[in-house]
Ligand SMILES: Nc1ncnc2c1ncn2[C@@H]1O[C@H](COP(=O)(O)OP(=O)(O)OP(=O)(O)O)[C@@H](O)[C@H]1O
Ligand SMILES: Nc1ncnc2c1ncn2[C@@H]1O[C@H](COP(=O)(O)OP(=O)(O)OP(=O)(O)O)[C@@H](O)[C@H]1O
Ligand SMILES: [Mg+2]
Ligand SMILES: [Mg+2]
């Protein structure tokens, strides 16, 4: 499988008044051509920062300590900013940001915002651009698209704004689409529609997609591969089946246990105890150790390497060391995984 | 619990025939909210669900009076808050009703420190006796939402999406209001922190008996947190009932369609999912009327 994008050993620090925050601590992510890779994980673990590094939009207090980001054979980190903007961003790699208001201009009608993006990257007539903008708005499910073109962002609902941003990203027919929580504000039916739309485009044009989301239901639907991130590192990676039916990292276990399914009616939801480490003071050993009830002595001392489980499945936990004791999955999770596998078998 | 409450208590919030229209141009008016009626009892969580653009945020913003309602009546805490507000009512509203906004970035002033954003309401109502107490209150609420007191010194853009969202939550909770309108307040959080925030919201409710208008698109979470649910479609409330009514006996075809789309964390199931389609192009909700299904379960048809 060829990778259209490879992030290798990316390492980023933010300078702040309080000190340096080591936000990204050696991240590897591979995006095979035409596939969808999901990035999930703790809030603040560095998902958005990693992707901002790809599109060259890191905040000015960020320092890239090391790493490569290969788009095909080009290392994006070595390109001058201007070149990155002109040749790659928007045209080859488009990103949909987490907060739609930050990427929309509040004083400009949305129709103009979509066509502006097209003029920037392509030779296209005004009439054609407008026609295309209209089509895109229809595609993302905006009703009365013609009238809506004249709306300003504040006149749209949160989900409509998000869809406008998606339309802008798709307008230049990029090779890679990076979506940061693109459907958080969308109800399930519109969400399903957008996800199907992205899949259709993917099938037609071989688009490759990186999808950041907290919604594990969405991951299950769209992803071919999943990367789980914690405290600036990828701690588990695998195919979507490997992660959902056979997770190996205790943090991934926690994530899967915390999501209520429609069966959940306990009085309290499970949440992973404790809070993530403060990366102002980098923890010694495994960053998850303090919250991991399976932690061993070594977890406090050394960071675990990625242990290989299969050609595609890796996890960074000492529990996978050949000398580690066998641990039982938490009973709640065990029965949930059993339920999930059974439901999956019934689909066949 | 709400059904008993409903018999014994007066509603905290009563919305009757609310309409909220926006005139965009001479020929185009968006009828965002139409003839919507519901009530929320003290200590209750009312979930509001519906497709994007159906009017959920607008209802929240009309209730907290960021808009002047086009028509209808809103009674909150025994006061009519639907018309022009006098100073006393405005103050009562500001103290007792808080909103957590859907767009965390645009609702936080980028030039203010987090501590001052959270402390603004405390400052207006002088809810502390000295600076030390103020900082203590702010530090405590930051801890409660899973941030740290040291974060008070940072600015909004130095936070991740989910961290900002929690700042918005802390700003609302710190005022101990009677009603909190939570607009998609957990969607940007990872599931473990969602669980933590939802547990926290429940704890605070047990402690202070505040009520929530909980707007969300994640139906499994809405199901988990709400006592009663209202389903909105195109600005009309089409079904309302207890959480159990809505999930085990959805009557309106739109509700059925919505429930069929809830994503499950299971790849094999997701990849074969079939949605129940719903086509509303032929129905005119304006001509429909309410029918009781049972107890507090009503449907528009
Ligand atoms: N400009 C900045 N200055 C200092 N710290 C920053 C800056 N931008 C981000 N950070 C920090 O870097 C870390 C990673 O942030 P990032 O936005 O990537 O998180 P995330 O994984 O996308 O989280 P979420 O799911 O909440 O959006 C966070 O701890 C955040 O506070
Ligand atoms: N200030 C405004 N001016 C004009 N139209 C508006 C305004 N606010 C909302 N609208 C319109 O009202 C309708 C309802 O919007 P609202 O934001 O209430 O939807 P919502 O249910 O919250 O959707 P979402 O789930 O996407 O956030 C939309 O058609 C929107 O374009
Ligand atoms: Mg983010
Ligand atoms: Mg909204």
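The values are calculated or read from the model by the stated rules, or taken from the named source; none is laboratory data. Bear in mind that the values here come from a model prediction, so they are computed numbers and not experimental data. Every residue, glycine among them, receives a Cβ derived from its backbone with ideal geometry; neighbour counts consider all protein chains shown.
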Residue check for residue A:123: away from ligand 2 (no atom under 16 Å from the Cβ) and either exposed (fewer than 15 other Cβ atoms within 10 Å of the Cβ) or more than 26 Å from residue A:216 (Cβ to Cβ) (or both): yes
Of the criteria (1) within 16 Å of ligand 2 (Cβ to nearest atom); (2) closer than 30 Å to residue A:71 by Cα, which one residue A:168 fails: (1)
Entirely in segment A:178-259, the strands (runs of 3 or more DSSP E) that have 1 or more residues that are under 22 Å from residue B:185 (Cβ atoms): A:208-212
Pairs, first at positive phi in segment A:124-147, second surrounded by fewer than 13 Cβ atoms within 10 Å (Cβ to Cβ), C-beta under 7 Å, six or more apart: none
Qualifying position, being out of contact with any strand residue (DSSP E or B) (no Cβ under 8 Å at 6 or more places or on another chain), modelled with pLDDT under 95 and crowded, with 20+ Cβ neighbours inside 10 Å, among A:19, A:44: A:44
Tally, over segment A:173-197, of residues that are modelled with pLDDT of 85 or more and at negative phi: 7
Verdict on residue A:150 being farther than 15 Å from residue A:102 by Cα and surrounded by fewer than 19 Cβ atoms within 10 Å (Cβ to Cβ): yes
Count of residues meeting criterion [over 18 Å from residue A:103 (Cβ atoms), in a loop (DSSP other than H, G, I, E, B) and within 10 Å of another protein chain (Cβ to nearest Cβ)] in segment A:123-147: 3
Subset of segment B:263-272 [outside any helix (DSSP H, G or I) and crowded, with 17+ Cβ neighbours inside 10 Å]: B:263, B:264, B:265, B:266
Qualifying helices (runs of 4 or more DSSP H) (wholly inside segment B:21-128; at least 2 residues being more than 14 Å from chain A (Cβ to nearest Cβ) and more than 18 Å from residue A:154 (Cα to Cα)): B:87-96, B:114-124
Options A:120, A:195: the member that is more than 14 Å from every other protein chain (Cβ to nearest Cβ) and away from ligand 4 (no atom under 16 Å from the Cβ): A:120
Where residue A:239 falls short, out of the listed (1) closer than 22 Å to residue A:1 by Cα; (2) buried (at least 21 other Cβ atoms within 10 Å of the Cβ); (3) modelled with pLDDT of 90 or more: (2)
Unique match (being more than 16 Å from ligand 3 (Cβ to nearest atom) and at positive phi) among A:274, A:254: A:274
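Residue-wise test of (1) within 16 Å of ligand 3 (Cβ to nearest atom); (2) on the phi < 0 side of the Ramachandran plot.
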position	(1), (2)
A:12	yes, yes
A:25	no, yes
A:34	no, no
A:40	yes, yes
A:45	yes, yes
A:62	yes, yes
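For residue A:272, are the conditions met, namely being within 14 Å of another protein chain (Cβ to nearest Cβ) and touching a strand residue (DSSP E or B) at 6+ places or on another chain (Cβ under 6 Å)?
Against the criterion (within 14 Å of another protein chain (Cβ to nearest Cβ) and touching a strand residue (DSSP E or B) at 6+ places or on another chain (Cβ under 6 Å)), residue A:272 does not qualify.
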Filtered residue count, segment A:92-114, keeping only those that are surrounded by fewer than 17 Cβ atoms within 10 Å (Cβ to Cβ) and part of a loop (DSSP other than H, G, I, E, B): 5
